[in-house]
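The values are calculated or read from the model by the stated rules, or taken from the named source; none is laboratory data. Since this is a predicted model, take the numbers as computed values, not measurements. Please note: Cβ atoms are built from the backbone with ideal geometry, for glycine as well, and neighbour counts cover all protein chains shown.
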Amino acid sequence: MDLGLTGKRAAIAGAASGLGFATAAALAAEGVQVAICSRDRGRIDEAAARLGSDAVGLAVDVGSIDGGTRFVEEAAEALGGVDILVTNAGGPPPGTFSSTPAEAYPDALALNLLSVVGMCTAAVPAMRERRWGRVVAITSISVRQPIPTLILSNTARAGATGFLKTLALEVAGDGVTVNSVLPGLHDTDRLRSLHGGDTSGAGAGIPAGVVGRPEDFGSVVAFLCSDQARFVTGTALAVDGGTDRALI
């Protein structure tokens with residue numbers, strides 16, 4: 001199916017590897033010009049080379065409102081504009097209420113909430129002017145089903161989800177859609193490192209029986225960016241093999 005994205009320009013954060021890279025690859029395969037970022041210059045240059053000669057790698061830390069803004073501004077300069085924004089960032093340290101000091105919350109909010117605000121603030125006004133735009137945030141299944149040992153991530157990503165839903169309602173009439181995608185366990189470098197390189201047992205608690213493939217996740221994000229998904233906005237879509245048991 002042609003997603004109608006040829007010639008569009010996308011900024012994808014946190015895309016040196018994992019789900020961010022898979023998303024960039026899926027969009028590039030649809031004819032989208034992509035700008036990707038990571039804090040590590042060597043890793044992002046390598047990732048851009050794997051995507052092809054039209055991909056742009058930017059060494060930017062998006063873990064703050066200023067970093068998020070800077071990434072979109074640099075991506076827009078490199079591509080001549082940004083039609084598609086995919087927000088993404090790593091998670092804060094694990095911890096429970098009892099083990100997490102109050103002083104740890106501002107950095108977590110900057111990483112997983114304020115960075116999203118910064119990226120959207122930089123990208124969405126021009127989308128509204130052009131009457132076309134797509135924002136997709138990669139968050140976590142924890143916004144529906146909080147993970148007990150990830151209180152910082154639970155808090156910050158839930159806040160980002162509230163921001164994105166509010167934004168979606170405000171810009172829906174301008175041809176701009178805003179959605180988030182909630183990944184469960186996928187076969188990424190991080191998951192393999194946590195399981196000693198063998199993820200065969202990681203899918204035991206997943207109804208599908210296996211962990212997800214990053215390329216399948218990227219395809220879901222690409223569809224949400226498509227012309228066919230023009231009537232889908234304000235959603236938080238779980239891509240988790242059935243892990244989330246909620247009715248809605």
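Starting from residues that are surrounded by fewer than 23 Cβ atoms within 10 Å (Cβ to Cβ), β-branched (Val, Ile, Thr) and touching a Ser or Thr at 6+ places or on another chain (Cβ under 8 Å), keep the ones in the range 108-142 and report whichever is farthest from ILE248 (Cα to Cα).
Result: THR121.
Quick one: THR177 ticks every box in (1) under 14 Å from the mean Cα position of the chain (by Cα); (2) buried (at least 20 other Cβ atoms within 10 Å of the Cβ) except a single one, so which number is it?
Condition not satisfied by THR177: (1).
Specify which of the listed residues (VAL135, VAL116) is among the aliphatic types (A, V, I, L, M) and not in a helix (DSSP H, G or I).
Checking each option against the conditions leaves just VAL135.
Mind listing just one residue for me: the one in the range 216-243 that is surrounded by fewer than 16 Cβ atoms within 10 Å (Cβ to Cβ) and of a type in the set (Asp, Glu) and, of those, farthest from the chain's Cα centre (by Cα)?
ASP227
Looking for whichever is touching a Leu at 6+ places or on another chain (Cβ under 8 Å) and either assigned to a helix (DSSP H, G or I) or without any contact (Cβ under 8 Å) to a residue 24 or more places away in the chain (or both) here; the options are SER153, SER142. Which one fits?
On inspection, the qualifying residue turns out to be SER142.
Which condition number does MET1 fail, the rest of (1) outside any helix (DSSP H, G or I); (2) in contact with a strand residue (DSSP E or B) (Cβ under 7 Å, 6 or more places away or on another chain); (3) hydrophobic (A, V, I, L, M, F, W, C) being met?
In the conditions (1) outside any helix (DSSP H, G or I); (2) in contact with a strand residue (DSSP E or B) (Cβ under 7 Å, 6 or more places away or on another chain); (3) hydrophobic (A, V, I, L, M, F, W, C), MET1 misses (2) alone.
For the range 25-37, state whether one or more residues are touching a His at 6+ places or on another chain (Cβ under 9 Å) and in a helix (DSSP H, G or I).
No, every residue in the range 25-37 fails to be touching a His at 6+ places or on another chain (Cβ under 9 Å) and in a helix (DSSP H, G or I).
Among the residues of the range 205-248, which ones are among the polar types (S, T, N, Q) and farther than 28 Å from ASP2 by Cβ?
Scanning the range 205-248 gives a single hit, THR243.
Name the one entry in ALA158, ALA104 that is assigned to a helix (DSSP H, G or I), closer than 25 Å to ASP244 by Cα and small (Gly, Ala, Ser).
So the residue among ALA158, ALA104 that is assigned to a helix (DSSP H, G or I), closer than 25 Å to ASP244 by Cα and small (Gly, Ala, Ser) is ALA158.
Look at ARG230 and say whether it is over 29 Å from PHE97 (Cα atoms), in a loop (DSSP other than H, G, I, E, B) and either out of contact with any Leu (no Cβ under 7 Å at 6 or more places or on another chain) or at pLDDT 95 or above (or both).
It is true that ARG230 is over 29 Å from PHE97 (Cα atoms), in a loop (DSSP other than H, G, I, E, B) and either out of contact with any Leu (no Cβ under 7 Å at 6 or more places or on another chain) or at pLDDT 95 or above (or both).
Which members of the range 9-45 meet the condition of being farther than 23 Å from PRO183 by Cβ and either without any contact (Cβ under 8 Å) to a residue 24 or more places away in the chain or not small (Gly, Ala, Ser) (or both)?
Across the range 9-45, the qualifying residues are ARG9, GLN33, ARG41, GLY42, ASP45.
Confirm whether SER193 is closer than 21 Å to ALA22 by Cβ and either modelled with pLDDT of 95 or more or assigned to a loop (DSSP other than H, G, I, E, B) (or both).
No, not satisfied.
Among the listed residues ALA89, ALA78, identify the single one that is of a type outside the set (S, T, N, Q), within 17 Å of VAL60 (Cβ to Cβ) and more than 19 Å from the chain's Cα centre (by Cα).
ALA78
Exactly one of these conditions fails for LEU164: (1) surrounded by 20 or more Cβ atoms within 10 Å (Cβ to Cβ); (2) not in a helix (DSSP H, G or I). Give me its number.
Condition (2) is where LEU164 drops out.
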